[in-house]
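Note sheet for the following structure.
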Amino acid sequence: MTARATRTPDALMRPEVLAQPAYQVADATGLIKLDAMENPHPWPGDMEDAWLAALRDPQLNRYPDAQALGLAAQVRAAYGVPEAAGLMFGNGSDELIQILITAVAGSGRPVLAPEPTFVMYGVLARALGVPFVGVPLNADFTLDLEAMRAAMAEHNPAVVFLAYPNNPSGTLDDAATVEAVVDANPGVTVVDEAYAPFAAHSFLSRVGADDGLMVMRTVSKLGLAGARLGYLAGTPAWIDALDRLRLPYNINTLTQRSVAFALAHRDTLDAQARSIVEERDRLSERLSATTGVEQVFPSQANFILFRVHTGQGHATFAALRDAGILIKDVGRAHPLLADCLRVTVGRPDENDAFLAALGQALSA
C-alpha cells in the first residue's frame, strides 16, 4: 500500500462509520417548514428588542463562564432541578449523548434503546465504536416491557436511552413502565425529556438520589432551537465524572446570555407552549377526520405521527413538498413506521395549509 493510500478515509476510519449516512437536514427554502419540531412562534417585538439589549457588551474577547454557573442557577429555579442533583450543559442534547456514550465506551457493555426512536442514540454509539442494541416497540409505539427486560438481562447495557415522549411517535409511556425499566436496568437509564414543555409527566423531580436515573432536556423545542443548549441532571458523582469529558467552554457567551434572558421571560414561552398543545389537539382531530389517513397516533410532543394507505407514504410526502409543505417522511426508518409521516405543529395558518394540501394529495 502506498503512503498516499494510507491517509484516505477508507484507510483510517472504521467501516461501520463510513457505511452510515450523514444526518440529513432538508432544505426548507420557500416552504412551510413543519419537519423539525421547532416552536413556530417568533418572539414578540418588544421581547426581541430587550434580548438584543441584553446582548450588549458581550465581552467576546473573553472565554465564557466555563461552568455556566449563573445559567445553572436559573435552570434549577425555573424547572425544579433537585438540589441533590448535579447539572451539566451541552451544546444541544447531541453533545450530552456523545459524552455519555464516550464515558462508558471502555466498559465493554452496549448502549440500548427501544426502536424506533431518536436516531442519534444509535448513530453516536456506532461512531464511538460502542455496540448498540435496539429493542422493538409494540405496534402502538409503547414500550414492550418484557422485551426490554429480556434485552437488558441478555446484553447488560451500560446505558439505556428512553425518549420521553418518544420521537418520532410522540408516545408518553406510563410512568410505572419507565420506572420498571429503571429498576431492571443494570446500567444507567437516561430519560430524554426533549419535549417536556408539551408533556403531562416528567421524571426530573426524582433525579439526584438514584445512580441509575438521569434526565436530559433541551431548550430547543421551547423556542430556542438556534441557541443549541441541552442539560443533563444526575447524581453529583455521575455529573462530576461526565464533566471530565466535556470540552472546555462548550457553551458560548451568546448562548448563555440568550437562554438566561429567555428563562427570565418564561411566561411568554410557556404561553406559546400551551398554544402549541391546543393546536396539536385540533390538528390531531382534523387529521383523524381526513379521508386517506389510516391512523393518527396520540402525541404528548409538538408533532404528530400519522399513517396513510399502504404504499402511499412517500408519494404523499412528495406531493406535500410540491405543494410547498415540508414535513418528515419516516416510513423507511423502521418497519413499524411503514407509510408513516410526522408533522410538526405549526401556527394555525400553517396547519390549515398543511391539512388542505394533505387532503388534495390523498384524494389524488
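The values are calculated or read from the model by the stated rules, or taken from the named source; none is laboratory data. Because the structure is predicted, anything quoted here is derived from the model rather than measured. Cβ coordinates were reconstructed from backbone atoms using ideal geometry, including for glycine residues, and neighbour counts include every protein chain displayed. For accessibility, only protein heavy atoms count, side chains too; no ligands or nucleic acids. Shrake-Rupley method; radii C 1.70, N 1.55, O 1.52, S 1.80 Å.
Numerical summary
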{"read-out": "Unique match (being assigned to a loop (DSSP other than H, G, I, E, B), of a type outside the set (Phe, Trp, Tyr) and out of contact with any His (no Cβ under 7 Å at 6 or more places or on another chain)) among Arg307, Arg332", "value": "Arg332"}
{"read-out": "Output for the stretch 166-195, where each listed residue is open to solvent by less than 10 Å² (accessible area, probe 1.4 Å), outside any strand (DSSP E or B) and β-branched (Val, Ile, Thr)", "value": "Val178, Val181"}
{"read-out": "Candidates Ala271, Ala200, Ala264 - the one that is open to solvent by 40 Å² or more (accessible area, probe 1.4 Å) and more than 28 Å from Ser169 (Cα to Cα)", "value": "Ala264"}
{"read-out": "Residues (open to solvent by 20 Å² or more (accessible area, probe 1.4 Å), of a type in the set (A, V, I, L, M) and part of a helix (DSSP H, G or I)) located in the stretch 203-230", "value": "Ala225"}
{"read-out": "Condition met for Pro58 (touching a Leu at 6+ places or on another chain (Cβ under 7 Å), part of a loop (DSSP other than H, G, I, E, B), over 30 Å from Phe354 (Cβ atoms) and not aliphatic (A, V, I, L, M))", "value": "yes"}
{"read-out": "Test: residue in the stretch 284-292 that is touching a Leu at 6+ places or on another chain (Cβ under 9 Å), open to solvent by less than 70 Å² (accessible area, probe 1.4 Å) and in a helix (DSSP H, G or I)", "value": "yes"}
{"read-out": "Answer from Glu154, Glu95 - the residue that is within 22 Å of Gln20 (Cβ to Cβ), part of a helix (DSSP H, G or I), open to solvent by 10 Å² or more (accessible area, probe 1.4 Å) and touching a strand residue (DSSP E or B) at 6+ places or on another chain (Cβ under 9 Å)", "value": "Glu95"}
{"read-out": "Unique residue being among the acidic types (Asp, Glu), surrounded by 11 or more Cβ atoms within 10 Å (Cβ to Cβ) and at pLDDT 95 or above when the list is Glu38, Glu48", "value": "Glu38"}
{"read-out": "Where a residue in the stretch 236-251 is at negative phi and its partner, wherever it lies, is surrounded by 14 or more Cβ atoms within 10 Å (Cβ to Cβ) and hydroxyl-bearing (Ser, Thr, Tyr), with Cβ under 7 Å and at least six apart", "value": "Leu245/Thr102"}
{"read-out": "Residue match in the stretch 58-70 (condition: modelled with pLDDT under 95, more than 18 Å from Ile239 (Cβ to Cβ) and surrounded by 11 or more Cβ atoms within 10 Å (Cβ to Cβ))", "value": "yes"}
{"read-out": "Cβ pairs under 7 Å, 6+ apart, first in the stretch 64-80 and assigned to a loop (DSSP other than H, G, I, E, B), second loosely packed, with under 12 Cβ neighbours inside 10 Å and not polar (S, T, N, Q)", "value": "Ala66/Pro248"}
{"read-out": "Per-region count, the stretch 18-35, residues farther than 23 Å from Phe198 by Cβ and surrounded by fewer than 16 Cβ atoms within 10 Å (Cβ to Cβ)", "value": "10"}
{"read-out": "Flag for Met47 being of a type in the set (A, V, I, L, M), in contact with a His (Cβ under 9 Å, 6 or more places away or on another chain) and touching a residue at least 40 places away in the same chain (Cβ under 8 Å)", "value": "yes"}
{"read-out": "Filter result for Gly311 (farther than 28 Å from Ala113 by Cβ, open to solvent by 40 Å² or more (accessible area, probe 1.4 Å) and either out of contact with any strand residue (DSSP E or B) (no Cβ under 6 Å at 6 or more places or on another chain) or polar (S, T, N, Q) (or both))", "value": "yes"}
